[in-house]
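Working notes for the structure below.
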Amino acid sequence: MDIKRIFGENLKLQRKKHGMTQEEFAEKLNISANHLAKLETGMKFASPELIANVAVTLSIPPSYLFYTSESNYIDDSYPGKVEKILIEEMAIIRKKIREIL
């Protein structure tokens, strides 16, 4: 699998984990939904600046965008596990808030 597809699949996975549509996420990144769709399908690759912006927007380490199932878990440290739990719980809370509103 090439790096653009790995990045794209992880980008889509992380976006969905955070409960955002392509349109919502693209707006936060200040890019078009069409550009985001091309990134998620591996048709295009992100600039270093966009990768950093994605990581900040999703509150994840950039390395999460390059994880493959063949890799060992990215951050197996205690703080890494805590961070992962916090990210997952925040996504659940965001979804509940959206449902209420």
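Summary of values
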{"item": "Single unsatisfied condition, Gly42 versus (1) open to solvent by less than 60 Å² (accessible area, probe 1.4 Å); (2) more than 28 Å from Lys96 (Cα to Cα); (3) assigned to a helix (DSSP H, G or I)", "result": "(3)"}
{"item": "Selection within segment 1-32 - assigned to a helix (DSSP H, G or I), open to solvent by 30 Å² or more (accessible area, probe 1.4 Å) and touching a helix residue (DSSP H, G or I) at 6+ places or on another chain (Cβ under 7 Å)", "result": "Lys12, Lys17, Gln22, Glu23, Lys28"}
{"item": "Filter pass, Glu27 being modelled with pLDDT of 90 or more and closer than 18 Å to Ile3 by Cβ", "result": "no"}
{"item": "Residues that are open to solvent by 90 Å² or more (accessible area, probe 1.4 Å), outside any helix (DSSP H, G or I), over 17 Å from Leu13 (Cβ atoms) and modelled with pLDDT under 70, drawn from segment 67-101", "result": "Asn72, Asp76"}
{"item": "Cβ pairs under 6 Å, 6+ apart, first in segment 35-48 and within 9 Å of Glu9 (Cα to Cα), second open to solvent by 20 Å² or more (accessible area, probe 1.4 Å) and of a type outside the set (Gly, Ala, Ser)", "result": "Glu40/Lys12; Gly42/Lys4; Gly42/Arg5"}
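The values are calculated or read from the model by the stated rules, or taken from the named source; none is laboratory data. As the structure is a computational prediction, the values presented were derived from the model and not from experiment. Here the Cβ is made from the backbone with ideal geometry for all residues, glycine too, and neighbour counts use every protein chain on show. We work out accessible area using only protein heavy atoms, side chains counted, and drop any ligands, DNA or RNA first. Shrake-Rupley method; radii C 1.70, N 1.55, O 1.52, S 1.80 Å.
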